[in-house]
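> Can you keep this structure in mind? I'll have questions shortly.
The values are calculated or read from the model by the stated rules, or taken from the named source; none is laboratory data. The structure presented is a predicted model; accordingly, all values stated were derived computationally and were not measured. Cβ sites come from the backbone with ideal geometry, for glycine too, and all protein chains shown count toward neighbours.
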Amino acid sequence: MKILQLDCDSISYELVKPEASLYEESTEKKVTIDDALVLLVSIEKGDENSVADKALEDVVKQMAQLKRKKLVVYPFAHLSSDLAEPKSAMALINYMAERAASENIEVRKAPFGWNKKLDLNIKGHPMAEQSKRYGREDLKKTAVKREKPAEVNTSIVRKADWAGLPDTDHRTIGERLNLYSFQEVSPAMVYWHPNGWILYRELVKFIREKEYDYGYEEISTPAIANLALWHVSGHIDHYKENMFTMDSDLGSLGLKPMNCPSTIMIYKSRKWSYRELPFRTAIFDKIYRSELSGVVTGLLRVKELTQDDGHIFAREDQVEEEMTLFLRFVKEVYNTLGMRFKAKLSTMPDDHLGEKATWDIATASLKRALEVNKMDYELKDKEGAFYGPKIDFDVFDSQGRTWQCATVQLDYQLPMRFGLEYAGEDGKQHMPVLIHRACLGSLERFIAVYVEHCQGKFPVWLAPVQATVISISEQSNKYAETVYAELKKRRIRSSLDVSDRTLEYKIREAQMQKVPYMIILGNKEVEKNAITIRDRDGKQKHGVALEEFIKGIEKEIKERSLKSELQL
């Protein structure tokens, strides 16, 4: 049995049509449920009631920890390629729902055998998405045996097939613009092509500059750590199944699924004074999460990812100011990217660490920071992480959809578990507050969102190719090469087309690649030592001096402008 467990603000599903020979009748065609733990379940061959019992034992514990009263059991065949027969699968899913109801849980089971439209709004805390495997103990035992590596079969070294996806999907756009691909030899990990890597690096450069302005110091930590680190942090108790682990001569090791524990080790490497806080760290390391193959979706959910992660070690009296600074940070970043957002403030859950008085102070600090920055927010009562209150941000794309990207969370648990201290003004040792924050979140996921938001029409500063030089005839080729060389010299990302294809074909090709500017050169431009500019929407301007164009596009790039500075 394979399960993707999701802690959701809401789940909606709408029945479309039966997709299996065996399916359950239902009078409810569209269902929406708020604040529920959702189990996407694949029943595999050989699964029995005992497997479901073990899964539900864990689910009951999770629901108690998360204070969830509603459970949604959702048949989801995409998690496995070794599915049980429909009759057996339906019977076991019904058994799961009945067993859960016997635990005094409010259970809703999605009808078996239907093609459904599914919409999930997942909560922002770190444990909100967990994939789990149950049963197959025989396979688990044989999996740890060391065998001679097989030779690579070149027939499997191929890209993922994205045929049939809509033109608006980031996978379709990415393939058309040669941004990235996925290869079966590295499941759910991104192969960044030159164009996509430019987009990735420019976003990282943008965030790095912002972080420098806001006083962050960038760090990096090893990808592998002894599992003892994750025992101290507590992640091993809740997140082990989503970690890549291995045994070696150095002991039991794991690839890091998040950056906070290893960042803490840097703080612990020396003594701190109250005068040295806050200590703001930024990190762009790769992290690794063992997602089930059936739930990875292009860039939206991958097994190797990078976050624009940051951790701030602060005194209690600095929390409000740090929150205010980060809210300004978020506002500046999303204004530059041309995206609206809304904030959600999540308060102390029933199951929490620390004293209520501390929570009240922390929550008041977050509220004041939101109000000082004149940010409207939605209050999510009792939805904070167990270690502290938080603010999440839903970002709106051009299609009106929302995506949870930025987040800032106060953490009183990890400083306590790791024994973090600083010397206070009174000469005594005090525990700092740890602030977790990310602005874009997962860079891979954000790029998926932004590719679909822009539909590949990136602002000039992010465009892989910012200008293409097009020669109309052989007589203008030499001049085109001179113009191209000057653009390259000025660090403007450019391409050159001196092929013998028609002008219409060259313009159409540039438009298909969403290039912001075309520089069109023919005999008239050669004679006048000038250029013709055409943008990707078809606006043109003739007789422009090359230096005028360069200064305009340089200003657009430097200011990360969303609009053209060239007034075509």
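> How many residues does the stretch 193-219 hold that are more than 19 Å from residue 458 (Cβ to Cβ) and part of a loop (DSSP other than H, G, I, E, B)?
Residues in the stretch 193-219 being more than 19 Å from residue 458 (Cβ to Cβ) and part of a loop (DSSP other than H, G, I, E, B): 3 in total.
> Identify, please: which residue in the stretch 78-93 is of a type in the set (A, V, I, L, M, F, W, C) and at pLDDT 85 or above and is, among those, surrounded by the fewest Cβ atoms within 10 Å (Cβ to Cβ)? Steps first, answer last, please.
Of the stretch 78-93, the ones of a type in the set (A, V, I, L, M, F, W, C) are 79, 83-84, 89-93.
Narrowing the set further to residues that are at pLDDT 85 or above leaves 83-84, 89-93.
On the way: 83: 17, 84: 19, 89: 24, 90: 20, 91: 15, 92: 21, 93: 23.
Of everything passing the filter in the stretch 78-93, 91 is surrounded by the fewest Cβ atoms within 10 Å (Cβ to Cβ).
> Is it the case, given these coordinates, that residue 122 is among the aliphatic types (A, V, I, L, M) and more than 23 Å from residue 21 (Cα to Cα)?
Taking the combined requirement at face value, the residue satisfies it.
Conditions (1) without any contact (Cβ under 8 Å) to a residue 24 or more places away in the chain; (2) touching a strand residue (DSSP E or B) at 6+ places or on another chain (Cβ under 7 Å); (3) surrounded by fewer than 19 Cβ atoms within 10 Å (Cβ to Cβ), marked per residue:
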position: 491; (1), (2), (3): yes, no, yes
position: 508; (1), (2), (3): yes, no, yes
position: 520; (1), (2), (3): no, yes, no
position: 535; (1), (2), (3): no, yes, yes
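> From the list 392, 397, 376, pick out the single residue that is more than 30 Å from residue 536 (Cα to Cα), out of contact with any strand residue (DSSP E or B) (no Cβ under 6 Å at 6 or more places or on another chain) and at pLDDT below 95. If you could, list the steps in order and put the result at the bottom.
Values: 392 fails: out of contact with any strand residue (DSSP E or B) (no Cβ under 6 Å at 6 or more places or on another chain); 397 fails: more than 30 Å from residue 536 (Cα to Cα).
Exactly one of 392, 397, 376 is more than 30 Å from residue 536 (Cα to Cα), out of contact with any strand residue (DSSP E or B) (no Cβ under 6 Å at 6 or more places or on another chain) and at pLDDT below 95, namely 376.
> Could you please let me know if residue 382 is exposed (fewer than 15 other Cβ atoms within 10 Å of the Cβ) and at positive phi? Break it down stepwise before answering.
Numbers: exposed (fewer than 15 other Cβ atoms within 10 Å of the Cβ): yes; at positive phi: yes.
Spelling it out, residue 382 is indeed exposed (fewer than 15 other Cβ atoms within 10 Å of the Cβ) and at positive phi.
> Also, quick follow-up: Anything in the stretch 465-482 that is farther than 12 Å from residue 517 by Cβ, buried (at least 22 other Cβ atoms within 10 Å of the Cβ) and not polar (S, T, N, Q)? List them, or say none.
Across the stretch 465-482, the qualifying residue is only 480.
> List every residue pair whose Cβ atoms lie under 8 Å apart, where the two residues are 6 or more positions apart in sequence or sit on different chains, the first residue falls within the stretch 59-87 and is in the same structural domain as residue 128 (by TED's automatic domain parsing) and assigned to a helix (DSSP H, G or I), and the second residue, located anywhere, is surrounded by 16 or more Cβ atoms within 10 Å (Cβ to Cβ) and among the acidic types (Asp, Glu).
66/7
> Sticking with this one: Are there any helices (runs of 4 or more DSSP H) wholly within the stretch 220-316 with 2 or more residues that are among the charged types (D, E, K, R), surrounded by 18 or more Cβ atoms within 10 Å (Cβ to Cβ) and in contact with a Lys or Arg (Cβ under 6 Å, 6 or more places away or on another chain), and if so which?
Numbers: elements: 227-233, 235-239, 260-267.
Correct list: empty, since no element meets the threshold.
> Which of the residues that make up the stretch 479-497 are among the aliphatic types (A, V, I, L, M) and more than 40 Å from the chain's Cα centre (by Cα)? Talk me through it step by step, then tell me what you get.
Pass one, the stretch 479-497, residues among the aliphatic types (A, V, I, L, M): 480, 483, 485, 487, 492, 496.
Across the stretch 479-497, the qualifying residue is only 480.
> Can you confirm whether residue 31 is part of a helix (DSSP H, G or I), of a type outside the set (Ser, Thr, Tyr) and in contact (Cβ under 8 Å) with a residue 60 or more places away in the chain? Quick ask: steps written out before the conclusion?
Numbers: part of a helix (DSSP H, G or I): no; of a type outside the set (Ser, Thr, Tyr): yes; in contact (Cβ under 8 Å) with a residue 60 or more places away in the chain: yes.
Against the criterion (part of a helix (DSSP H, G or I), of a type outside the set (Ser, Thr, Tyr) and in contact (Cβ under 8 Å) with a residue 60 or more places away in the chain), residue 31 does not qualify.
> When residues of the stretch 504-532 are filtered for being within 20 Å of residue 560 (Cα to Cα), assigned to a strand (DSSP E or B) and of a type in the set (A, V, I, L, M, F, W, C), how many remain?
Result for the stretch 504-532: 1.
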